[in-house]
1. How shielded is B:430-436 by partner chains, expressed as the average number of their Cβ atoms within 10 Å of its Cβ atoms?
2. Within the accessible area of the stretch A:7-86, what % is carbon and sulfur when the probe is 1.4 Å and the other protein chains stay in place?
3. Taking the Cα centre of the stretch A:281-398 as origin, work out the dipole magnitude from +1 charges on Lys and Arg Cβ and -1 charges on Asp and Glu Cβ, in debye rounded to 20.
4. In whole Å, what is the distance between the alpha-carbon centres of the stretch A:1-73 and the stretch B:219-280?
5. Which lysines have a Cα less than 19 Å from the Cα of B:Lys229, not counting those fewer than 8 places away in the same chain?
6. Could you work out how much longer the chain between A:Lys260 and A:Leu113 gets when fully extended? Use 0.36 nm per residue separation minus the Cα distance between them, nm to one decimal.
7. Pull up all non-local amide H partners of B:Leu305: gap of 5 or more, or a different chain, and H-to-H distance under 5 Å with H placed in the peptide plane.
8. Using the Karplus curve 6.51 cos²θ - 1.76 cosθ + 1.60 with θ = phi - 60°, work out ³J(HN,Hα) for each residue of the stretch B:352-362 in order, rounded to whole Hz, and write x for Gly and Pro.
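The values are calculated or read from the model by the stated rules, or taken from the named source; none is laboratory data. All values reported here derive from a predicted model rather than from experimental measurement. Neighbour counts are summed over all protein chains in view; Cβ atoms, including those assigned to glycine, are modelled from backbone coordinates with ideal geometry. For the accessible areas, the whole protein counts, side chains as well, though only heavy atoms, and no ligand, DNA or RNA atoms are used. Shrake-Rupley method; radii C 1.70, N 1.55, O 1.52, S 1.80 Å.
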Amino acid sequence: MSIHLDPDKCLACTTCVVHCPVAEATPAFLGPRMIGPAFERFRLLGIVEDDSLKYCANCKNCEIACPQNVPVATINMLARMAQCQEIPPSFRDWIVAHGEVLARGLKYFPAWLKNMGTHLSLMRTLLDWIGIHKDCPMPNFAKTAFRDHLPRLSQKGFAKSVAFFPGCYINYYDPGTGFDLVWLLNQAGYRVFVPKDFVCCGIPLISGGFEKDARDNTRTNLRVLAELNAQKIPVISACPSCRLMLTREIGEFFPELMPKEKISIDDAQSFLLKCIATGELDIKTAHNSSVNISAIYHAPCHLRAQGAGLPALELLSYFPDIAICEANAGCCGISGSYGFKKEKYAIAQSVGARLFQRITTSGRPLVASECGTCRLQIAQATKKPATHPLTLVRAALQGRPLTLG
Amino acid sequence: MSVDRIETDVVVIGGGATGIGTLRDLSLRGIAAVLVEQGGIAHGTSSRFHGLLHSGGRYAVSDTLSAKECIEENTILRRIGAQCVEETEGFFVLLPEDDPDYVEPWLKGCAEAGIQTEELSVEEARRLEPEISPQALRVFRVPDSCVDGFRLVLHNAMSARRHGGRVLLYHKVTGISQANGNIQSVDVIDTLTQTKKTLYCRAVVNAAGSWSGQIAALAGLDVPVSPDKGSLIVFNHRFTSRVVNRLHPGSDGDIFVPHGSITILGTTSVATDRPDDTKPTREEILRLLAIGEPLFPKLQTYRILRAFAGTRPLYTPGNAQGRNASRNFQVFDHASDGLHGFFSIFGGKLTTYRLMAEKVCNAVASYLNVNTACTTKDQPMVEEASAEHLKAARHAFPVGDLSLMADRVGDDLEKVLDLAKKRTSSSSAGNPLICECEMVSLAEIESIAQDPDSHTLTDIRLRTRLGMGTCQGTFCALRAVNAMFEHDIPLSRDPLYELRAFLQERFRGLAPTLWGIQAQEMQLSRAIYAGVLNLRKETYAVKN
Ligand SMILES: Cc1cc2nc3c(=O)[nH]c(=O)nc-3n(C[C@H](O)[C@H](O)[C@H](O)COP(=O)(O)OP(=O)(O)OC[C@H]3O[C@@H](n4cnc5c(N)ncnc54)[C@H](O)[C@@H]3O)c2cc1C
Ligand code: SF4
Ligand code: SF4
């Protein structure tokens, strides 16, 4: 494959360089402008790929900052995919990119056994040996995956339904957030289901350079999405990275797979805001509860990259019981699995330092963010519990105190 | 005032491909020679041309001799000048608006000249070059290549120097003296210091390209050369990896040549009375775009970096003009005009510079009674850098692939590697990229700046490509001047003056194409230099 994005729009203004958290953290990275549009001119010439490309975390801050709409990170990821065709990625990179395949393979092992990897120091030493840093935060497998548990919920008597794209994080590690969303949507009169063919959105595969696997997943997801869109069933996602991938990135990576009709997937928070606006979701009861939540909100980079505002912050501010402030301190550093990798761990920690500091000094006991791996990283670094905003919304609406940890 | 005196056997006038090729040839034959050039290396047409190493396909129908010379020299140059040549191959594309009956004679002409052709299906051709028009009817592959004219001249000079040849840059010829019908000496003035020198010699080769009429006139002679201006457009990226020609009788704007990170479209052909008429006009640019569009339908959307022009030294006996004038070259032994030891060589193409040099050197050698044969076609001009050697130095450079840099610097490679290692031994960030668009590191700039022939930032630009990419100097000019000042790398003029002169030169090429994204780039540049840094005309006037 050799898709090359036209590098002409770049003015070399270096705005992206100033906003790239990795470039700030390490001189080993040539930076977004250089490794993106500038190097692309040399890729067209067939020059050997630069080693420094591996440092791009695909966090997209460069694209958020670029005044010329240059798809810098996409250029980088296309280059990485091309590079991986020449030099096959390592075993470690395969593992962190294929979380879903791995989880499916381990399906019949009990969670406690699988989670030994994250707890036993022997296991961590072993993982460290293959390149997963021994101190990096790692998620725990849930007893039952969200998609296995959902059919057991009774959701009867709803006239409307929505399809939910749970993504790997909610499905395997954080089903609770999924159930909070189901509860909220049930309140709004929707039955929630997960189409059985949905697979990983592919963003970890892209970041790892696994072009073919990402393409296969995209093809499958697009088929399901097209069917749902044709039936006018709304589709929602509660993970910013999945939504970014499915609404924008696949079109950049795999233009040949894109259908003529626009694929639409709603952000879960935006969808709930719409439900409130139309009266489908009644939040008046929330005004009588006394849950008293005080939290600081971190907007994930992949949410900001969508350029659709901060719907979670808006949603949370509807509830008098939730005192929320925005961290507004940049990237947490984890970037999916980037911060797990041994050689990137220190970079990831240094990238997140400003955010951790802001959270620690905020005095807020709780952190809210839509992104699962952001929460992992933040919780480990700040020792504060971190939760999905939907969990707070449910608590406030249900008048049910939070149980965290 | 005393006048410096230099003695040698042959004085070569003109530091373009022809002149430097001649110097190299003479030096390899063991003939003492000094070359004088009024500007820097390749100041004239040899760095203001299209960069096509002709396969000869262009001349297959109109001029079999030229076509033959081209394919022979093309093959030789790939061998002796690997660092200057990109072996891209070329396409000849027949479009619906072209005469299909031209194909047969063209194929026949190619076969006669020894140019290999191979027809590709349009589908295959577009798979290889997706930007080519889907309207294409037939596509033929030929061994066209791309050549960096500036580098070719530089590497010839390096080779000549190694064999005893001398090059005097910024030395302008002001007079030619003769005694009893024999050449006696050449008067020059050092244009940087205004010192005058006289070069005593037995023979003179006038290789002043479009200027050779002026040089001949200094000796009271006349040569039928007419400058013919051609303008070219430089695009920001390489939208074709092959040379692409229209398959029709040669005309304006029908060749695209990729060059490193860029693509060049050209050219026009307009008679001019000034050899230094190098100003492209907006009309020419618009016309080139209109003509080029059928071959590359997205042409108008690609970003233009700049435009430039050069003058062809056309051989025009009896006032032939433009594309009808011969593209052949001419060797004149002016003995027939009554002046012994004075030779003129001009016309031809850059592709055939070596052959031109060989021919004129044969005449000079026989005049000087030297019998050594020409060996320029056998010896590579600079040694090829070994891959291991480059790999070992990789850590000292910000970008891993050193091949582009190694090809650029030629004989200076060791010096650049040493400087880079020295810079990075104390700090890992000691050798940063100064020019990101063309990937030039501080060590390379430092090494070139130390060369006694580098006087200005423009000299450094030509040898490193500093400022020749996307930003056209907006960022690297300041960075370069700053880094040089900081690290005590000598600049002959005031840094601020230097900065302004450099930007002014870059702007000259932007002016006729100032629209779209490049206009935005210039606004940014203006904001930085005129706005933030207040580097205005009033404060730092540049004399052009
Ligand atoms: C627009 C254009 C496109 C072209 N494209 C191609 C192509 O794609 N392929 C190809 O093979 N050929 C091409 N050519 C032709 C080719 O560029 C020229 O034939 C070739 O460069 C001529 O080289 P030269 O050394 O004879 O002349 P020049 O390079 O012009 O050298 C003459 C030198 O003499 C110096 N000089 C003049 N007067 C004095 C003086 N009084 N004292 C000291 N020095 C003096 C000048 O400064 C100059 O540097 C192109 C030409 C033009 C104009
Ligand atoms: S995606 Fe993130 S790490 Fe990569 S270049 Fe952009 S800002 Fe930097
Ligand atoms: S990619 Fe965008 S932000 Fe970065 S240098 Fe280019 S124009 Fe500026």
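1. Numbers: counts 0, 0, 1, 4, 0, 1, 9.
Whole-number average of other-chain Cβ neighbours for B:430-436 is 2.
2. Values: 1240 of 2430 Å².
Accessible surface attributable to carbon and sulfur in the stretch A:7-86 totals 51 percent.
3. Values: 12 positive and 6 negative charges, 96 e Å.
With Lys and Arg at +1 and Asp and Glu at -1, about 460 debye.
4. 33
5. Partners within reach: B:Lys279, B:Lys349.
6. Working: separation 147, 0.36 × 147 = 52.92 nm, distance 4.59 nm.
Here the answer is 48.3 nm.
7. Those qualifying (amide H under 5 Å, at least 5 residues apart or on another chain) are B:Val234, B:Phe235, B:Asn236.
8. In residue order, the calculated couplings are 9, 4, 5, 5, 4, 4, 4, 5, 6, 5, 4 Hz.
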